[in-house]
Amino acid sequence: MLNDSIFSAALSRRDFMKTITTLTAAMGLPAAFAPQVAAAAEGDKRPPVIWLHFQECTGCSESLLRSSHPDLVAILLDTINLEYQETIMAGAGLQAEEALETAHEKYAGEYLLVVEGAVPLLDDGGCCKIGGLSAQESLQKLATDAFAVVCMGTCASIGGIVTAQPNPTKAVSVASLVNDKPVINLPGCPPNPYNLPATILYLLTFGKLPELDSQNRPKFAYGRLVHDHCERRSHFDAGRFAKAFGHETHALGYCLYELGCKGPVTHANCPELRFNDGTAWPISIGHPCIGCTEHVAFNTAVSDKAAIVDPASPSWFPPTNMKPAGKPASVASALGVGVALGGALGYAAGRGQSLPDGDEQQEEHRDE
Ligand code: SF4
C-alpha cells in the first residue's frame with residue numbers, strides 16, 4: 001500500500017500502479033519489473049534532494065510540476081525528500097538560506113544535487129548570485145558533498161540557449177565544472193517529465209546509477225533517435241515531405257524534415273512518452289524537432305536541415321514496399337534519403353486521392 005504521505009494520499013492504487021508502469025517502461029524495463037519499482041517508490045528510503053536554479057527559465061520545473069502530471073509529481077515528491085527547491089518552497093530570504101545550509105550539513109555525502117540552468121562566469125559570476133554566492137560558488141560548495149549531480153534540462157546539461165552565441169554571460173554547463181562526482185545529464189528544453197523520476201527510481205530500485213551514454217545521459221531515455229520512433233517516419237521513408245507550414249502537405253501530416261526537423265540527429269524519448277500527460281509532442285502538432293537534447297540546438301537555425309547519417313530504416317522496421325499494383329517499386333535517392341516514389345503513388349492511390357504538391361516535390365528531389 002502507499003505510505004501515508006501528504007502528496008500521494010489522494011492517489012488510488014490503480015493510478016499509482018499505472019504511473020509506476022509507465023515509469024518502468026520509461027526505464028526500458030519490462031512490465032514485470034513494475035512491482036519492484038513500486039516497492040522502491042513506497043519504501044522508507046527517500047533520498048534527500050537539494051535542487052538549485054541558476055541561469056534558466058524554470059521551464060524544466062514547470063513542465064514537471066504542473067498539474068498535467070499530478071500522479072507523476074505525487075510519486076516523485078513522495079519518493080524523494082526534497083529539502084530545497086526555490087520554485088516551490090514556502091520559505092524565502094534568510095529562511096531559505098538557512099534551510100539550504102541545514103540540508104547541506106545534515107545530509108552531506110548523501111544528497112542528490114539537482115541543478116537547473118547553466119552557470120554564468122562573466123564578472124566572477126556576478127550576473128547570477130543567490131544568497132551572496134555566485135552560481136559557480138554555490139555549485140562548487142554543494143556538489144562537493146553531493147552523492148551525485150543531476151542536470152535537469154539542456155542549460156545545465158550542455159549549456160542550451162543560455163550559451164548560444166554570443167553567450168553574453170560566458171555561461172557553461174554544470175558538467176564542465178564538476179569533475180569529481182557522477183554527473184547525470186537529462187537534457188531537453190524541457191526534458192520529458194518522466195526522465196527525472198525514472199532516474200531516481202532506477203537508483204532506488206537497483207542501488208546504482210543507470211547506464212549512461214558518452215554525454216552522461218541515461219541510455220534508457222536517450223539511447224535512441226527521435227527519428228526512429230516518430231509517427232511521421234513512414235512519410236520520410238516514402239519521400240513525402242511537408243513543403244511549408246500551412247501547406248497541404250503539412251496538413252496531411254507529412255514528414256517535417258524539409259522544414260528543419262532535427263529528429264534524425266536527436267536522441268530523446270519524446271515520441272514514446274510525449275508531453276502534457278502523454279497527449280502531444282512538437283512533431284505531433286506539426287512543429288519540427290529542434291534537437292533540444294543535442295548540441296545542434298540553439299546554435300543552428302530551426303530551418304537548417306539535419307545531416308542524415310544513415311538513411312536506412314532501423315532493422316526492426318517493416319519493409320517499405322508499397323507500390324502501385326503491377327509496377328516495380330521505384331526507389332530513388334533524394335537528399336541522401338532513399339525515396340520510394342512508388343510508395344507515395346501507392347499511398348495516394350490507397351487513399352483515393354491525387355498527389356499533392358509535396359509529392360511533386362519528391363519528383364524534384366528524385367531528379368537531383
Ligand atoms: Fe519525424 Fe522529423 Fe524524422 Fe520526419 S525527419 S520522420 S518529422 S523525426
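For segment 77-227, the spread of Cα positions along the three principal axes, ordered from largest to smallest, is 43, 40, 28 Å.
May I ask you to derive the FRET efficiency for Ile308 and Glu86 from their Cβ-Cβ distance with R0 = 56 Å, giving the value to the nearest 0.05? After rounding, the FRET efficiency stands at 0.85. If the segment from Glu137 to Ser284 were pulled out straight at 0.36 nm per residue, it would be longer than the present Cα-Cα gap by 48.8 nm. The phi torsions of segment 266-283, fed into the Karplus equation with coefficients 6.51, -1.76 and 1.60 and a -60° offset, translate into couplings of 10, 9, 5, 9, 3, x, 7, 8, 6, 10, 6, 6, x, 8, 8, 8, x, 5 Hz, rounded to whole numbers, with Gly and Pro shown as x. Taking each residue as 0.36 nm, the span from Leu177 to Glu211 lengthens on full extension beyond its C-alpha to C-alpha distance by 10.1 nm. Amide H contacts under 5 Å for Ala171: Leu121, restricted to partners 5 or more places along the chain or on a different chain, H placed in the peptide plane at 1.01 Å from N. DSSP assigns beta bridges within segment 106-182; of those with both partners inside it, close to 45 percent run antiparallel. If one computes P(r) from the Cα atoms of segment 1-154, what percent of pairs lie at distances over 20 Å? Beyond 20 Å sits 55 percent of the P(r) for segment 1-154.
Loop-resident chymotrypsin sites (Phe, Trp or Tyr not before Pro) (DSSP state other than H, G, I, E or B) in segment 272-321 with no more than 15 further Cβ atoms inside 10 Å of their Cβ: Trp316. For Ala146, the residues whose modelled amide H falls within less than 5 Å of its own, excluding neighbours fewer than 5 places apart on the same chain, are Gly109. Taken one residue at a time, the phi angles of segment 286-296 give Karplus couplings (6.51, -1.76, 1.60, θ = phi - 60°) of x, 9, x, 5, 9, x, 5, 8, 10, 5, 5 Hz. Gly and Pro are set to x. In a simple Cβ point-charge model (Lys, Arg +1; Asp, Glu -1; nothing else charged), segment 128-249 has a dipole of about 120 debye relative to its Cα centre. Here's the list of lysines a cross-link from Lys262 could span, going by alpha-carbon distance under 28 Å and ignoring same-chain residues fewer than 8 apart: Lys170, Lys219, Lys243, Lys305. The mean of 1/r over all distinct Cα pairs in segment 246-309, once inverted, gives the Kirkwood hydrodynamic radius of 12.3 Å. Summing Lys, Arg as +1 and Asp, Glu as -1, what charge do residues with Cβ under 14 Å from the Cβ of His287 carry, His287 excluded? In short, +1. Amide H contacts of Val114 (H built 1.01 Å from N, in plane; Pro and chain starts excluded): Ile50, Trp51, Leu52, Val150 sit under 5 Å, all sequence-distant by 5 or more or on other chains.
Laboratory data are not the source of any read-out in this text; all were calculated from the coordinates shown. Please read these numbers as outputs of a predicted model, since none were measured by experiment. Counting neighbours? That spans all protein chains shown, and the Cβs are built from the backbone with ideal geometry, glycine included.
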